[in-house]
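Undergrad: Following this message is one structure expressed as C-alpha cells.
The values are calculated or read from the model by the stated rules, or taken from the named source; none is laboratory data. Worth saying up front: this structure is predicted, and the values here are computed from it rather than measured. Cβ sites come from the backbone with ideal geometry, for glycine too, and all protein chains shown count toward neighbours. For accessibility, only protein heavy atoms count, side chains too; no ligands or nucleic acids. Shrake-Rupley method; radii C 1.70, N 1.55, O 1.52, S 1.80 Å.
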Amino acid sequence: MNVNIVLFNDFETLDIFGPLEILGKVQEYDIHYYSQNGGMITSRQKTQIITEDIDLADKKGILVIPGGQGTRELVNDESFLNMLKVIAEESGFCLSICTGSALLAKANVLNGKSATSNKQAFEWVKSINDTVNWVQKARWVVDGKYYTSSGVSAGIDMTLGFVSDRFGEEKANEIAHNIEYVWNSDSKNDLFSK
C-alpha cells in the first residue's frame, strides 16, 4: 500500500520523519513524497526533500500530512485545500500530525468528526472550523479513517497506534523497541494539554 506524504514549505521536520521511521519499518508500505506541484520542498528546519507532483499519486493509499509554520498560509490557499480535500477523501486512511489537522479541517473533511492538534496552537486550530469536535486532552484521536495527533512528537505515538490497529500491538511494540522509543500507547494520556 502506498504511503502518500504530502509536503509544503515550512513543514515541521519531526512531524514527518518521526512517523516515517515507523511506517518505513512496515514491509507492506511503499513511501512516496508529494507536493502540490512537485519539486524541492524545504522544511522549517531547512531539510530539503524532492517531491513528485500530487497528480501522479495513487490516492487510494495512506495520506500523511504534517503541520508546521507553513500551515498558517495554506489554510487560506484554496487551490491547496481543494487538492488536499480530494486526496483525503480518496485515501484509505488519513494521518495528520500537529497543525496538519487545521488543513484537513479547513478542507472540510473533518466536519462532524473528532480530532485533535498541537496544544500550543489549539485555539488557532479550533478557530479554523467549529464543526469539528476538537478534543483538548488527547495525544491522538481516531475517527473512522482519520487519525489526528497533538504536537510534533505525538505523531510518533499516533503512528505506532495506527500500526497497532492495522497489524496488532505486538508489531507496534516491536517497532518501538527496535528504534529504542518509549511508546505512549494511551491516546488519552496527553501531558501537554492544559
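Undergrad: Out of curiosity, is GLU89 at pLDDT 95 or above and either closer than 21 Å to ASN184 by Cβ or part of a helix (DSSP H, G or I) (or both)? If you could, list the steps in order and put the result at the bottom.
TA: Details: at pLDDT 95 or above: yes; either closer than 21 Å to ASN184 by Cβ or part of a helix (DSSP H, G or I) (or both): yes.
Judged against the criteria, GLU89 is a match.
Undergrad: Right, LYS113: within 27 Å of ASN76 (Cα to Cα) and at pLDDT 95 or above or not? I'd like the intermediate steps shown before the answer.
TA: Details: within 27 Å of ASN76 (Cα to Cα): yes; at pLDDT 95 or above: yes.
Considered against the rule, which asks whether it is within 27 Å of ASN76 (Cα to Cα) and at pLDDT 95 or above, LYS113 comes out as yes.
Undergrad: Being in a helix (DSSP H, G or I), surrounded by 14 or more Cβ atoms within 10 Å (Cβ to Cβ) and among the charged types (D, E, K, R) is the filter here; which residues of region 73-86 pass it?
TA: LYS85
Undergrad: Against the conditions (1) at pLDDT below 95; (2) over 17 Å from TYR147 (Cβ atoms), where does MET1 fall short? Just the number, please.
TA: Exception for MET1: condition (2).
Undergrad: I'd like the residue in region 40-61 that is outside any strand (DSSP E or B), open to solvent by 40 Å² or more (accessible area, probe 1.4 Å) and modelled with pLDDT of 95 or more and, out of all such residues, is nearest to ASN2 (Cα to Cα).
TA: Restricting to residues being outside any strand (DSSP E or B), open to solvent by 40 Å² or more (accessible area, probe 1.4 Å) and modelled with pLDDT of 95 or more, the top hit is THR47.
Undergrad: I would also like to ask the following. Which of the residues that make up region 139-153 are within 17 Å of ILE62 (Cβ to Cβ) and in contact with a helix residue (DSSP H, G or I) (Cβ under 6 Å, 6 or more places away or on another chain)?
TA: TRP140, TYR147, THR148, SER149
Undergrad: Of the residues GLY161, GLY151, GLY112, GLY155, which is more than 27 Å from GLY24 (Cβ to Cβ) and outside any strand (DSSP E or B)? Walk me through it before giving the result.
TA: Numbers: GLY161 fails: more than 27 Å from GLY24 (Cβ to Cβ); GLY151 fails: more than 27 Å from GLY24 (Cβ to Cβ); GLY155 fails: more than 27 Å from GLY24 (Cβ to Cβ).
Exactly one of GLY161, GLY151, GLY112, GLY155 is more than 27 Å from GLY24 (Cβ to Cβ) and outside any strand (DSSP E or B), namely GLY112.
Undergrad: OK, next. Being free of Cβ contacts under 8 Å to residues at least 40 places away in the same chain and open to solvent by less than 20 Å² (accessible area, probe 1.4 Å), is that true of even one residue in region 25-37? Write out each step before concluding.
TA: As a first pass, look at region 25-37 and keep what is free of Cβ contacts under 8 Å to residues at least 40 places away in the same chain: 27-35, 37.
In the following step, the residues that additionally are open to solvent by less than 20 Å² (accessible area, probe 1.4 Å) were identified as 34-35.
For region 25-37, residues free of Cβ contacts under 8 Å to residues at least 40 places away in the same chain and open to solvent by less than 20 Å² (accessible area, probe 1.4 Å): present.
Undergrad: Let me ask something else about it. Within region 125-139, take every residue that is open to solvent by 10 Å² or more (accessible area, probe 1.4 Å) and in a helix (DSSP H, G or I) and give me the one that is nearest to ALA115 (Cα to Cα).
TA: It comes out as LYS126.
Undergrad: Let me ask something additional. Between SER127, SER114, which is under 23 Å from MET83 (Cα atoms) and more than 17 Å from the chain's Cα centre (by Cα)? So that I can check it myself, show each step before the final result.
TA: Numbers: SER114 fails: more than 17 Å from the chain's Cα centre (by Cα).
Answer to the selection: SER127.
Undergrad: Considering each of ASN9, ASN108 in turn, give the residue that is modelled with pLDDT of 95 or more and at positive phi. Break it down stepwise before answering.
TA: Working: ASN9 fails: at positive phi.
Going through ASN9, ASN108 in turn, the sole match is ASN108.
Undergrad: Counting only residues that are in a loop (DSSP other than H, G, I, E, B) and open to solvent by 70 Å² or more (accessible area, probe 1.4 Å), which one in region 166-188 is farthest from VAL26 (Cα to Cα)?
TA: So in region 166-188, the residues in a loop (DSSP other than H, G, I, E, B) come out as 168, 179-188.
Going one step further and asking which of them are open to solvent by 70 Å² or more (accessible area, probe 1.4 Å), we end up with 180, 182, 186, 188.
Numbers: GLU180: 16, VAL182: 18, ASP186: 21, LYS188: 25 Å.
The qualifying residue farthest from VAL26 (Cα to Cα) is LYS188.
Undergrad: Now, a different point. When both residues are 6+ apart or on different chains and their Cβ atoms are under 7 Å apart, which pairs have a first residue that lies in region 65-91 and is hydrophobic (A, V, I, L, M, F, W, C), and a second that is open to solvent by 50 Å² or more (accessible area, probe 1.4 Å)?
TA: That search, which allows pairs on different chains as well, returns VAL75/LYS106; LEU81/LYS106.
Undergrad: Hey, another quick one. Could you list, in sequence order, all residues of region 140-165 that are without any contact (Cβ under 8 Å) to a residue 40 or more places away in the chain and surrounded by fewer than 20 Cβ atoms within 10 Å (Cβ to Cβ)? Explain how you work it out, then say what you get.
TA: Step one: of region 140-165, the residues without any contact (Cβ under 8 Å) to a residue 40 or more places away in the chain are 143-144, 157, 161, 164-165.
Within region 140-165, ASP143, GLY144, SER164, ASP165 meet the criteria.
Undergrad: Further question on the same structure: Look at region 92-109 and say how many of its residues are open to solvent by less than 20 Å² (accessible area, probe 1.4 Å), closer than 20 Å to PHE17 by Cβ and outside any helix (DSSP H, G or I).
TA: 6
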